[in-house]
């Protein structure tokens, strides 16, 4: 059996085992979801459902990366093994920021969580370190691929660094906002990561392929616990981590702009929040029934499964378009 398929199945199996063990612990610790009273009424019965389940994803990534690292080292493919590390550290780093935020909200009962300024400093620090690593350590360069035109453009370093950091922060925030309906965030993330993994295969960037395969298996395993009705929510721990995975892969592939196409749903989720805030400040009324966008459709009569299905199908089609554009 191909090693990639083995990694995918092993990632799925490890995640399921971790979920079976960790979900009851989270329930026992009473780290339950706090639902907004002004949100969809159907969400009120989720009050108390264990959250912070993103630690399942984080632990699974760490275990699988260690396993794959050792496996490739034994095969004397040390370069590939080493190149997996920054992808993992970037993702786990964002997950740690989310974990601290979740801890403050759920354990210390601070409803505001981590102060926005501290959260931004943490995310910004990880983003800067990752971008500098790509440029200076592995010398990836500042060339950026333009989809549709199918060309690379060389960005001056003074422009590339703030651009890359903006993409990192924007992507992680967008994926974070996409988390709000049972199964939506891990499903969207799995489809987008699969697309990026396929791009890695096309351009023969093995570390991206291996890392993407690991996370795809983990997302599928986590979905068994997160599908409607969810037994556990991922919290900021999971959503920020998955955002980190997606943007880390996209930058490594030199294709951050492809995210505008394949991650359009998270982009629209973000824009819906921005539009809602601006429109409310100017008129005192709401443009959407509720933001982010998935809640607007819920309040328009869509069930959670329909939201996940439609958004996922759209993402799948957009990923096909994205692959055509490269």
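Some points to look at:
- Considering only residues in segment 110-124 that are over 18 Å from the mean Cα position of the chain (by Cα) and part of a helix (DSSP H, G or I), the one that is modelled with the highest pLDDT turns out to be 121.
- Boolean, residue 277 is surrounded by fewer than 16 Cβ atoms within 10 Å (Cβ to Cβ), over 18 Å from the mean Cα position of the chain (by Cα) and within 24 Å of residue 230 (Cβ to Cβ): no
For every residue, the table says whether it meets (1) over 20 Å from residue 212 (Cα atoms); (2) at pLDDT below 95; (3) not in a loop (DSSP other than H, G, I, E, B).
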residue: 1; (1), (2), (3): no, yes, no
residue: 4; (1), (2), (3): no, yes, yes
residue: 11; (1), (2), (3): no, no, yes
residue: 16; (1), (2), (3): no, no, yes
residue: 27; (1), (2), (3): yes, yes, yes
residue: 34; (1), (2), (3): yes, yes, no
residue: 39; (1), (2), (3): yes, yes, no
residue: 43; (1), (2), (3): yes, yes, yes
residue: 52; (1), (2), (3): yes, yes, no
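- From 128, 107, residue being farther than 30 Å from residue 323 by Cβ and touching a residue at least 60 places away in the same chain (Cβ under 8 Å): 107
- Restricting attention to segment 71-88, the residues that are at pLDDT 90 or above and either more than 18 Å from residue 213 (Cβ to Cβ) or exposed (fewer than 15 other Cβ atoms within 10 Å of the Cβ) (or both) add up to 1.
- Any hit, segment 295-310, residues being under 25 Å from residue 14 (Cβ atoms), touching a residue at least 24 places away in the same chain (Cβ under 8 Å) and in a helix (DSSP H, G or I): yes
- Some residue of segment 254-268 being part of a helix (DSSP H, G or I), farther than 30 Å from residue 207 by Cβ, within 19 Å of the chain's Cα centre (by Cα) and in contact (Cβ under 8 Å) with a residue 12 or more places away in the chain: yes
The values are calculated or read from the model by the stated rules, or taken from the named source; none is laboratory data. Everything numeric in this text was worked out from a predicted model, so none of it was measured. Reconstructed Cβ throughout: ideal geometry from the backbone, glycine too, with neighbour counts over all protein chains shown.
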